[in-house]
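The numbers here are math on the coordinates, done by the rules we state, and not lab data. All values reported here derive from a predicted model rather than from experimental measurement. Glycine gets a Cβ as well: all are built from the backbone with ideal geometry, and neighbour counts include every protein chain shown.
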Amino acid sequence: MPKSHNSILFLGLLSTFSLLTFDLYQPSVPFINNYFNISPSLGQLTLSLYLLIYGATHLLWGPLIDHFGRRHLLSGNLILALIASLMCAFALNITMLICGRVLQGFTLCCANLIAYSASRDFEDTVIRAKVLSYISMTVSISPIIAPVFGALIFHHFGWQANFIVMAIVAFILFIQSKISLLESPFWTPPQNSFSIKKILNEYKLIFSIPSLWCASFILMFSMSAVMLVVINSSYLIIDVLNYSPLAYGFIFILNGLNIIFGNYLGIWLRERLAISTTIYLGNWLIILGGGAMLITSKLYGFSLMVLFFSLISNLGISVTAAPT
């Protein structure tokens, strides 16, 4: 009997891969800067440009997946992700590394969208919510274990090995996608060619909704607050505070655990309070954490304790945008 639904484990791993490519090599970023003899700000472009492309191309991949179907697009994107990872592993200069990271962000945005959109295959809303919870739970593991494994891989095999691991994961997911990924039951082969003009007109209608912009700006500024710390964390902890990459990985475990706790707290609050109340509460936590970082760094100088207060801001992110 053919399967009626996609493997939840596969969907979780597929979505986790996009975070894995961000978290796995963070402990080695300061050493990549030394390897290419570049400034920390240039090295951090491998993180920030990845996130920029990953976020922006959601607007592109959504319509493409709806038109061409998930199976047609995922296989090609995982092959491109494999090529991008090898491109990073064998980068001859920082420009080649940045281009590889941009290509990773471009391809893995598609993989993540397919993983979450596959939850719509379950018509029962309760089951669908459980599937999303399982996917979110799998994704939450990455910030906990990926930096530690990344530090161990870097310590024993060098920074390039982290990208080799990413390439291997991409290949495994490619093979598994041929077995585990089913096409959406709501998708039919397109009768017309893909129309960019039609998509732009649809986005024009969507972008005219004021509440969309309000919610988007809340999420954008909330996530920006925490990503300012995350992107700079390896430089601050390893270069400035002189911790080892492995110590950085273990310190970063707190961030992963904080995300999991914050998600459950956000869901718990959302069930008991109005959504506007949880948004206000979350944003006050962001302000409180940021203010505490500023005051303690001015009074006592920069230390690990200063970064500890970023966990309060991270908690605010989870409360503001709890998974639903």
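Numbers below:
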| read-out | value |
| --- | --- |
| Test set (1) within 30 Å of Tyr243 (Cα to Cα); (2) touching a residue at least 24 places away in the same chain (Cβ under 8 Å) - Leu92 fails condition number | (2) |
| Qualifying position, being surrounded by fewer than 18 Cβ atoms within 10 Å (Cβ to Cβ), part of a helix (DSSP H, G or I) and not hydroxyl-bearing (Ser, Thr, Tyr), among Ile145, Ile135 | Ile145 |
| Tyr50 being within 23 Å of Ser233 (Cα to Cα), surrounded by 19 or more Cβ atoms within 10 Å (Cβ to Cβ) and of a type in the set (Phe, Trp, Tyr) | yes |
| Conditions (1) in contact (Cβ under 8 Å) with a residue 60 or more places away in the chain; (2) farther than 30 Å from Ile145 by Cα: number failed by Leu241 | (2) |
